Amino acid sequence: MSVTTPEDTQPKKKKSKVKALVIGLLAVTVLGGAGAAGGFYVAGNMVGSAKAADDPNTPKIMLKDGTAVGAEEAGTAMPDQSKNRFKITYHQIEEPFTSNLTHSESYTQLSLAVSTYYDERVIQNVVDHEIAIRSAVLMQLSQQDPFELDTNEGKLKLKKELREVINATLKDKTGFGGIEDVYFTSMVIQ
């Protein structure tokens, strides 16, 4: 004679149906949430792209053949990966910069040039706001250590800082930076 327990009397089909229902609802919820998030992401990118493309005041990246394209068309806002596709424009800032260096009696005098992959509006912005750029560059120079500037690493660091300062000044004045690199065309430290 066999003894039956209460568990044996429960139908097993009921547990499997509930389990399948819970798993199904969970899958639908996860997939629906992922779909909604993807939709919002794409919609947000479309709005941002349309806004950037619609602004005629935003400088365009120049291809080597002279064609002006937006950042989206060029593939990136700052085209580091494939620089050879883009036309680079250089601009020499006419007057040299002279500044005392921090914590010393030393000073530096240097001449700068800048480059951009963007159209002539970026260079025109540099010319139009040269006084503000000169002030920002001189402030940055006055914070330099003369011993650091004697090394290549120190000069490379200064180039990066000057590019950031010039772009920040242009963004403040025009809403757009666009300077890709800064070049020392002469440098004296005494």
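Of note:
- Three-way shape call for segment 55-190 based on the alpha-carbon gyration tensor, with the a/c threshold at 1.5: prolate
- Net length gained if the chain between Y183 and I131 were fully extended (0.36 nm per residue, minus Cα distance): 16.9 nm
Each value in this text was obtained by applying a stated rule to the coordinates, not by laboratory testing. This one's a predicted model, so the numbers in the text were calculated from it and none came from an experiment.
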